[in-house]
Amino acid sequence: MFKPLLLAAAFACGTAQAANPLFAPLYTADPAVLVDGGRVYLFTGRDEAPPEGKDYVMHEWRLFSTCDMVNWKDEGVPLNAKTFAWAKGRAWASDIVKRHGKYWFYSTVEHATVPGFAVGVAVSDSPTGPFVDARGSALITNDMTKQTDIAWDDIDPGVFIDDDGQAYLYWGNTVLKVAKLKANMTELDGPITVVPVANFVEAPYVHKRQVNGKSVYYLSYSQHWPEETAYMTGPSPVGPWTPQGVIMERNTKTKTIHQAFFEFNGKSYVAYHNAELPGGHEHRRSVAIEEFSYRADGTIPFIHQTKA
Ligand code: FUB
């Protein structure tokens, strides 16, 4: 009697048991996480580079979900770079939030007519899609924000909605940028501000917790090259930020790492990528998740990656 019940519960979560690195045989990167309705929805980019590939080959975002952090369901491809008709391709890093009962997916793609990368926003009534372009045009383009001479300084959107309802978009490579979003989630609300962060490379991600009765905002990001994960804390979504140091080590088989923090069933997790799946390399990465506990003062301990 008992075992079938357990089996049924596991099947409801998903049918594939997974351990780090996750989602073999697919190579995945750039995790974005949404916790909703008792499930974790983990969006990833998909690395399709061949064994000797020398560049990212990324056309689509994949989605996996679970209700127990062990059994995962492959939810397929809820959207791809072609979802954005104005994009040339390159489905790079993304983030997802829920607002007004809809699911808003912010993502990096290469723009077809404005040289460089851009940020688009897609929307769906369900976390599993289908997603459609919410604007019909890019939210951020390289020509709006030329703070560097590189084409990829407008990548890696991270979205955060504060308890007062104000939404913020963080993004950038080499230079970290932040802007408010209007309540419609599809337009900027005010100017783009550059945040000075020593050694910042990419993957900004903001989350918030209550620590000893106070709101603490955590801004994590990739720093140096090869990258390691570092973070800062502050009293508001726009700082001022206090550097708190490195919390995850560099990878050995790929230079990028790209983290996302989340809470699920009372436990704390960070998702990131390395390239530890067999055949993995710089452009064939694999998403992994580590559980950790915040210290009593709210700081994040050093989190070691699972190594094979
Ligand atoms: O996956 C392509 C790029 O590599 C992402 O946009 C960065 O965060 C890095 O992981």
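Taking only pairs six or more apart or across chains, which ones have beta-carbon atoms under 6 Å, a first residue in segment 151-170 that is without any contact (Cβ under 8 Å) to a residue 60 or more places away in the chain and hydrophobic (A, V, I, L, M, F, W, C), and a second residue that is within 11 Å of the ligand (Cβ to nearest atom) and part of a loop (DSSP other than H, G, I, E, B)?
Going by the 6 Å Cβ cut-off, the qualifying pairs are Trp152/Asn173.
Kindly provide the set of residues from segment 125-141 that are within 16 Å of Thr108 (Cβ to Cβ) and either outside any loop (DSSP other than H, G, I, E, B) or of a type outside the set (Lys, Arg) (or both), ordered by number.
Phe131, Asp133, Ala134, Ser137, Ala138, Leu139, Ile140, Thr141 - these are the residues of segment 125-141 that are within 16 Å of Thr108 (Cβ to Cβ) and either outside any loop (DSSP other than H, G, I, E, B) or of a type outside the set (Lys, Arg) (or both).
For segment 99-124, name all the residues that are outside any strand (DSSP E or B) and farther than 13 Å from Leu181 by Cβ. First the steps, then the outcome.
Just the residues of segment 99-124 that are outside any strand (DSSP E or B), to begin with: 100-101, 112-116.
Hits for segment 99-124 are Gly101, Ala112, Thr113, Val114, Pro115, Gly116.
Pairs needed: first member in segment 206-230, over 11 Å from Phe261 (Cα atoms) and within 16 Å of the ligand (Cβ to nearest atom); second member anywhere, of a type in the set (Phe, Trp, Tyr) and not in a strand (DSSP E or B); C-beta distance under 8 Å; at least 6 residues apart or different chains.
Between residues of segment 206-230 that are over 11 Å from Phe261 (Cα atoms) and within 16 Å of the ligand (Cβ to nearest atom) and residues that are of a type in the set (Phe, Trp, Tyr) and not in a strand (DSSP E or B), there is no close pair.
Quick one: which of Asn80, Asn71 is in contact with a helix residue (DSSP H, G or I) (Cβ under 6 Å, 6 or more places away or on another chain) and either surrounded by fewer than 23 Cβ atoms within 10 Å (Cβ to Cβ) or without any contact (Cβ under 8 Å) to a residue 24 or more places away in the chain (or both)?
Asn71
Report, by residue number, each residue of segment 259-308 that is acidic (Asp, Glu) and within 29 Å of Ile161 (Cβ to Cβ).
Glu263, Glu290, Glu291, Asp297
Give segment 18-42 a look and list any residue that's of a type in the set (Val, Ile, Thr) and touching a His at 6+ places or on another chain (Cβ under 8 Å), or say none. Before you say what the answer is, go through the steps one by one.
Within segment 18-42, the subset of a type in the set (Val, Ile, Thr) is 28, 33, 35, 40.
If the condition is that a residue be of a type in the set (Val, Ile, Thr) and touching a His at 6+ places or on another chain (Cβ under 8 Å), then Thr28 is the only one that fits.
Listed residues His258, His273; which is on the phi > 0 side of the Ramachandran plot and within 11 Å of the ligand (Cβ to nearest atom)?
Being on the phi > 0 side of the Ramachandran plot and within 11 Å of the ligand (Cβ to nearest atom) holds for just one of His258, His273, which is His258.
Let me confirm something: among Asp149, Asp164, Asp189, Asp153, which residue is farther than 23 Å from Lys82 by Cβ and modelled with pLDDT under 95? Working first, answer last.
Numbers: Asp164 fails: modelled with pLDDT under 95; Asp189 fails: modelled with pLDDT under 95; Asp153 fails: modelled with pLDDT under 95.
Just a single option satisfies the conditions, and that option is Asp149.
Could you check, for segment 232-250, whether at least one of its residues is in contact (Cβ under 8 Å) with a residue 24 or more places away in the chain, part of a loop (DSSP other than H, G, I, E, B) and within 14 Å of the ligand (Cβ to nearest atom)?
So far as segment 232-250 goes, yes, one or more of its residues are in contact (Cβ under 8 Å) with a residue 24 or more places away in the chain, part of a loop (DSSP other than H, G, I, E, B) and within 14 Å of the ligand (Cβ to nearest atom).
Within segment 283-308, count every residue that is in a loop (DSSP other than H, G, I, E, B) and either away from the ligand (no atom under 16 Å from the Cβ) or without any contact (Cβ under 8 Å) to a residue 40 or more places away in the chain (or both).
15
Yes or no, residue by residue, for (1) within 15 Å of the ligand (Cβ to nearest atom); (2) among the aromatic types (Phe, Trp, Tyr); (3) at pLDDT 95 or above; (4) surrounded by fewer than 17 Cβ atoms within 10 Å (Cβ to Cβ):
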position	(1), (2), (3), (4)
Tyr41	no, yes, yes, no
Thr44	yes, no, yes, no
Asp47	yes, no, yes, no
Lys98	no, no, yes, yes
Phe105	yes, yes, yes, no
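For the structure I just gave you, tell me whether Arg99 is basic (Lys, Arg) and under 14 Å from Ala134 (Cα atoms).
Yes.
Cβ-Cβ under 8 Å, sequence separation 6+ or interchain: first residue in segment 10-35 and touching a residue at least 24 places away in the same chain (Cβ under 8 Å) and within 26 Å of Phe160 (Cβ to Cβ), partner in a loop (DSSP other than H, G, I, E, B) and among the aromatic types (Phe, Trp, Tyr). Which pairs?
Asp30/Trp92
Out of everything in segment 142-168 that is surrounded by fewer than 20 Cβ atoms within 10 Å (Cβ to Cβ) and in a strand (DSSP E or B), what residue ends up being nearest to the ligand (Cβ to nearest atom)?
The residue in question is Tyr168.
The values are calculated or read from the model by the stated rules, or taken from the named source; none is laboratory data. Given the structure is predicted, the values throughout are model-derived calculations rather than measurements. With ideal geometry, Cβ positions are generated from the backbone for all residues, glycine too; neighbour counts draw on all protein chains shown.
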